[in-house]
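Working notes, beginning with the structure itself.
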Amino acid sequence: MRNPQLNANGALTHLLSIEGLPREVITHILDTASSFLKVSHREVKKVPLLRGKSVFNVFFENSTRTRTTFEIAAKRLSADVINLDVTRSSTAKGETLLDTVDNLVAMHADMFVVRHAASGAPHLIADHLRRLGREDVHVVNAGDGRHAHPTQGLLDMYTIRHYKQEFTNLVVAIVGDILHSRVARSDIHALTTLGAAEVRAVGPQTLLPTAIEKMGVRVCHDLRSAIRDCDVVIMLRLQNERMNGALLPSAREYFRCYGLTPAVLALARPDAIVMHPGPMNRGVEIDSDVADGPQAVILPQVTFGIAVRMAVMGILAGN
Amino acid sequence: MNAEKKRPTVVLPDAELLCVQLAGLIRPRLRPETVLVGIHSGGVWVAQRLHALLGLGNEIGLIDVSFYRDDYGARGLHPRVQPSSIPFDVEDRTLVLVDDVLYTGRTTRAAINELFDYGRPAMIQLAVLADRGHRQLPICADFCPWRVDLDPSSELVLSQNDNGGLQWSLDEHA
Amino acid sequence: MGEAALQIRNGRLVDPANGVDAPLDLFISGGRVAAIGQPPAGFTAQRVIDASGLIVCPGLVDLSARLGAIEPELAAAVAGGVTSLACPPDSKPPLDEPGLVERLVRRSATVGLARVHPIGALTEQLAGERLAEMNSLARAGCIAFSQAKRAIVDTQILLRAMQYAATFGYAVRLRPQDDFLARDGVAHDGEVASRLGLTGIPVVAESIATATALQLAAHTGVRLHLSRLSSAAAIDLVRAARDAGMRVSCDVAVHHLHLSEMDIGFFDSNARFDPPLRSASDRDALRSAVADGLAAICSDHTPVDADGKQLPFAEALPGATAVELLLPLTLLWATQSRLPLLQALARITSDAAAILGIAAGSLAVGEAADVCVFDPDESWRVTPESLRSQGKHTPYLGYELSGRVRLTLVGGKVVFEG
């Protein structure tokens, strides 16, 4: 089966998932992002690459934060950006996902940035465009269900490479609600593709997916032993609705067992970096002293995120 | 088959010598605040030569015009984009844009557009090692030591050999 | 029935119910099998059908086929060689009222293609709360009672339903799945669901419900049939119960004999099934359970239109069109498992008829002449146009399959000729 992200020439035409992306494609995106990073420091913070192109931010699930970063990235590429809040408009009127897509294609969309609560929704759109013979329209997955958040995964890799240069000797711990996390899945695919020495999936059994070790990670239930000798610690957000109930007894107990405190972080390598996809729950998964401490690179992640999204859109729109 | 037509053999001059000649052309019009901006990648090598030959104090700027190319729609983004680096304020500066070969003029156009996104220079001059004709835009070089008329089927390429010396080669396309 | 006298000659007669696999002619008159091998005295064929190179077998019996629209789906059934099918009660509205059952029986008889045997609802509206009028439903034509895909969450109600069915000797069919463990699940809880971020249905959801059903059936003495098992664990439980002497039967959906969670690929909604496609080792256990006769095969035919499938995986409707693929997919499994045709065809003829307790799946003299004649070697491509069913969705779209039905008889009458 052909990877649905690649066109007949093997060039990246959609970004749906990091799974199955060749290492060179990931590296190319990261290299291109580093060129875009400088654009944001100039007098005129934009390049004319996507001039005249229409980028539709189609968010079936609210996320002002992610939508804004895509909007900034598209605008810095000189694209026209149209934000659609689909949660309220069309689906409420009974229009299907593909009806919405057909309508936007009729409005001459060049690129869709899609956020959807259902895993696989961007794949469905890409498959639909292929059947319509519209492979000139590109799809960027901005997060689908629990499945993937590839641009977040890429910006995490950009951040790690920025601070650690190489991946091959790195030990990376991903801590928290991996079960519900599309970021964790994208990070795991990216890290294993880029050759990280060890990726540890850390959390209570209730928050780890079945057979997660098949993705090439080591499962750990004890935070302290999992953090030991880590180069990179990626903390995941614990959604409010999961804090009290059948998955976890309470936020307090979760923090006691899996919260990243300075004492726990001290077990990692002294130069370890701490990442978080945001928004953070201080005092739930991460202690403020760590979040605001010298090892946290959470704000640089945000800056790099714009450049990475510019790179993704710049590469896709040209293919 | 009409490929039998003999084209005159082009004699390729010594690229290092051309750099010296180019420096000689620029020197009389040099101002204290003049800075060089090399276009990636051949233009950067030439700019580095000129920087040494002219004994300039200012750092040189580097630009990669991939984000400004007019053939992006047809050819996509260049696979190896280098970051542009303009380590000085371009506002009211005199810039000498340096490239290895001036051909259609499209790269120069893209470079000028990019420079204006850093600010408003007082003047931009163009220095090239070779002008091979066949312009598609109203652009001409201020400084050029070698003018040659080459058929569009051949590509004039500047490369750096193992010892770091610059040299010309001519690639023929069918 | 004053049907024409037919002779099907030069075919290979394969009749699992009677252990026949030989080149024998089949003689039909009055809608029934008149003779095998030699014509009965004074027989004059009004039509002679040449079956050289073809297999002549009993019409297939499908343990579970949903009918959206009756006519096209019954036309699809006979095109697939199916002459009797059991229809689960989860139609809209569900088959919980005698009037609805009577109408279904009457309408399908009017269409006059495959024979339809309704399965009645075990509880009203399949809600799992109040018992349905099983006796009235049986009088209207129901041959067994089930919950289709719905569970009876309250085990005391399940116990009562079994006791009540056992009172009248009705069979109860259950698709075992624990609702709590399966909550929001859309795929097998394993490697693929974890990777794709789909909510999983663990095997224990099936094995726990299987164990519950087996124990309540043993306790009540009801005749239990477990439908569409998907896991090795559930198969093991049924095997143990059978070994302990319990009268319990089970079936496996034909797609589950061939496919696994891996076939979901990149969210292919055609691979969305209920129960879900499970691991390759579960699939292998299902294959051997069918091979050794523990389980029969059903098509679990579920016509789903494009609107139900062109959705993100979790929102898509489960199920596939299958009644026309039952024979070729069974043949494929038999070839792969190196099973004799006689044994393989039993799973979709005589075994299924025995489970349903209907007179079908046999070509003994005097039986109704429900016959399927097929070319085992003719290959055909599964395309939306090649399917008569209104359901066009199956993971086999675009595949070449071997085994094409040439002729189907119901009660001695030609209902399909291809």
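In the stretch B:90-97, is there at least one residue being more than 28 Å from A:His28 (Cα to Cα), without any contact (Cβ under 8 Å) to a residue 60 or more places away in the chain and acidic (Asp, Glu)?
Checking the stretch B:90-97: at least one residue is more than 28 Å from A:His28 (Cα to Cα), without any contact (Cβ under 8 Å) to a residue 60 or more places away in the chain and acidic (Asp, Glu).
What is the residue count in the stretch C:229-251 for residues that are touching an Asp or Glu at 6+ places or on another chain (Cβ under 8 Å) and either buried (at least 24 other Cβ atoms within 10 Å of the Cβ) or among the acidic types (Asp, Glu) (or both)?
4
For the stretch A:41-62, name all the residues that are surrounded by 15 or more Cβ atoms within 10 Å (Cβ to Cβ) and part of a loop (DSSP other than H, G, I, E, B).
Matches in the stretch A:41-62: A:Arg42, A:Lys46, A:Val47, A:Pro48, A:Leu49, A:Leu50, A:Lys53, A:Phe60, A:Glu61.
Taking the criterion of being aliphatic (A, V, I, L, M) and in contact (Cβ under 8 Å) with a residue 40 or more places away in the chain, would at least one residue in the stretch C:84-92 satisfy it?
Scanning the stretch C:84-92, I find at least one residue that is aliphatic (A, V, I, L, M) and in contact (Cβ under 8 Å) with a residue 40 or more places away in the chain, so the answer is yes.
Could you list, in sequence order, all residues of the stretch B:42-62 that are of a type in the set (Gly, Ala, Ser), buried (at least 22 other Cβ atoms within 10 Å of the Cβ) and more than 14 Å from chain A (Cβ to nearest Cβ)?
If the condition is that a residue be of a type in the set (Gly, Ala, Ser), buried (at least 22 other Cβ atoms within 10 Å of the Cβ) and more than 14 Å from chain A (Cβ to nearest Cβ), then B:Gly42, B:Gly43, B:Ala47 are the ones that fit.
Yes or no, residue by residue, for (1) within 19 Å of C:Ala127 (Cα to Cα); (2) not in a helix (DSSP H, G or I):
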| residue | (1), (2) |
| --- | --- |
| C:Arg173 | yes, yes |
| C:Ala182 | yes, yes |
| C:Gly185 | no, yes |
| C:Ala211 | no, no |
| C:Leu214 | no, no |
| C:His219 | no, no |
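Could you tell me whether the stretch B:127-146 includes any residue that is over 12 Å from the mean Cα position of the chain (by Cα), of a type in the set (S, T, N, Q), over 12 Å from B:Val37 (Cβ atoms) and modelled with pLDDT under 95?
Within the stretch B:127-146, not a single residue is over 12 Å from the mean Cα position of the chain (by Cα), of a type in the set (S, T, N, Q), over 12 Å from B:Val37 (Cβ atoms) and modelled with pLDDT under 95.
Only residues that are farther than 18 Å from C:Ile358 by Cβ and assigned to a strand (DSSP E or B): list them for the stretch C:101-144, please.
Hits for the stretch C:101-144 are C:Ala121, C:Thr123, C:Leu131.
Given (1) surrounded by fewer than 24 Cβ atoms within 10 Å (Cβ to Cβ); (2) within 14 Å of another protein chain (Cβ to nearest Cβ); (3) under 24 Å from the mean Cα position of the chain (by Cα), where does C:Arg195 come up short, assuming only one miss?
Here C:Arg195 clears every test but (3).
For the stretch A:75-83, state whether one or more residues are within 12 Å of another protein chain (Cβ to nearest Cβ) and either closer than 23 Å to A:Leu98 by Cα or touching a Cys at 6+ places or on another chain (Cβ under 9 Å) (or both).
Scanning the stretch A:75-83 turns up no residue that is within 12 Å of another protein chain (Cβ to nearest Cβ) and either closer than 23 Å to A:Leu98 by Cα or touching a Cys at 6+ places or on another chain (Cβ under 9 Å) (or both).
Across the stretch A:127-144, what is the number of residues that are surrounded by fewer than 24 Cβ atoms within 10 Å (Cβ to Cβ) and facing another protein chain (nearest Cβ under 9 Å)?
Total meeting the criteria: 2.
Considering A:Ile306, A:Ile227, which residue is at pLDDT 95 or above, more than 21 Å from the chain's Cα centre (by Cα) and crowded, with 20+ Cβ neighbours inside 10 Å?
Going through A:Ile306, A:Ile227 in turn, the sole match is A:Ile227.
Please verify whether C:Cys142 is more than 30 Å from C:Gly403 (Cβ to Cβ) and buried (at least 17 other Cβ atoms within 10 Å of the Cβ), treating the condition exactly as stated.
yes
Out of the stretch C:24-62, which residues are under 15 Å from C:Val415 (Cα atoms) and acidic (Asp, Glu)?
If the condition is that a residue be under 15 Å from C:Val415 (Cα atoms) and acidic (Asp, Glu), then no residue fits.
Restricted to the stretch C:198-209, and to residues that are small (Gly, Ala, Ser) and part of a helix (DSSP H, G or I), which residue is nearest to the other protein chains (Cβ to nearest Cβ)?
C:Ala205
State the number of residues belonging to the stretch C:387-418 that are touching a Phe, Trp or Tyr at 6+ places or on another chain (Cβ under 6 Å) and polar (S, T, N, Q).
1
Being within 22 Å of the chain's Cα centre (by Cα), surrounded by fewer than 19 Cβ atoms within 10 Å (Cβ to Cβ) and in contact (Cβ under 8 Å) with a residue 24 or more places away in the chain is the requirement here; does C:Ala291 meet it?
The answer is yes for C:Ala291.
Would you mind telling me which numbered condition in (1) touching a strand residue (DSSP E or B) at 6+ places or on another chain (Cβ under 8 Å); (2) among the polar types (S, T, N, Q); (3) within 14 Å of chain A (Cβ to nearest Cβ) C:Ser281 fails?
With respect to (1) touching a strand residue (DSSP E or B) at 6+ places or on another chain (Cβ under 8 Å); (2) among the polar types (S, T, N, Q); (3) within 14 Å of chain A (Cβ to nearest Cβ), C:Ser281 is out only on (1).
Which count do you get for residues in the stretch A:10-30 that are without any contact (Cβ under 8 Å) to a residue 24 or more places away in the chain and at the interface with chain B (Cβ under 10 Å from one of its Cβ atoms)?
1
Regarding the stretch B:63-76, can at least one residue be identified that is in contact with a His (Cβ under 7 Å, 6 or more places away or on another chain), part of a helix (DSSP H, G or I), within 14 Å of another protein chain (Cβ to nearest Cβ) and modelled with pLDDT of 90 or more?
yes
Tell me which residues, restricted to the stretch B:79-100, are farther than 21 Å from A:Val44 by Cα and buried (at least 20 other Cβ atoms within 10 Å of the Cβ).
B:Val98, B:Asp99, B:Asp100 - these are the residues of the stretch B:79-100 that are farther than 21 Å from A:Val44 by Cα and buried (at least 20 other Cβ atoms within 10 Å of the Cβ).
Considering only residues that are of a type in the set (Ser, Thr, Tyr), more than 7 Å from every other protein chain (Cβ to nearest Cβ) and closer than 25 Å to A:Ala109 by Cα, which ones fall in the stretch A:32-50?
none
What residue, among those in the stretch A:209-219 that are among the aliphatic types (A, V, I, L, M) and facing chain C (nearest Cβ under 9 Å), is nearest to A:Cys257 (Cα to Cα)?
A:Ile212
So which of A:Gly176, A:Gly195, A:Gly120 is at positive phi and within 14 Å of chain C (Cβ to nearest Cβ)?
From the options A:Gly176, A:Gly195, A:Gly120, the qualifying one is A:Gly120.
So, in the stretch A:145-169, of the ones that are assigned to a helix (DSSP H, G or I) and of a type in the set (Phe, Trp, Tyr), which residue ends up nearest to the other protein chains (Cβ to nearest Cβ)?
Step by step, filter the stretch A:145-169, then rank; the result is A:Tyr158.
Quick check, is A:Val140 over 20 Å from C:Gly308 (Cβ atoms), assigned to a strand (DSSP E or B) and touching a residue at least 60 places away in the same chain (Cβ under 8 Å)?
Taking the combined requirement at face value, the residue satisfies it.
Provide a single number: the residues in the stretch C:305-323 that are buried (at least 22 other Cβ atoms within 10 Å of the Cβ), among the aliphatic types (A, V, I, L, M) and within 12 Å of another protein chain (Cβ to nearest Cβ).
2
The values are calculated or read from the model by the stated rules, or taken from the named source; none is laboratory data. Worth saying up front: this structure is predicted, and the values here are computed from it rather than measured. Neighbour counts run over all protein chains shown; Cβ positions are idealised from the backbone, glycine included.
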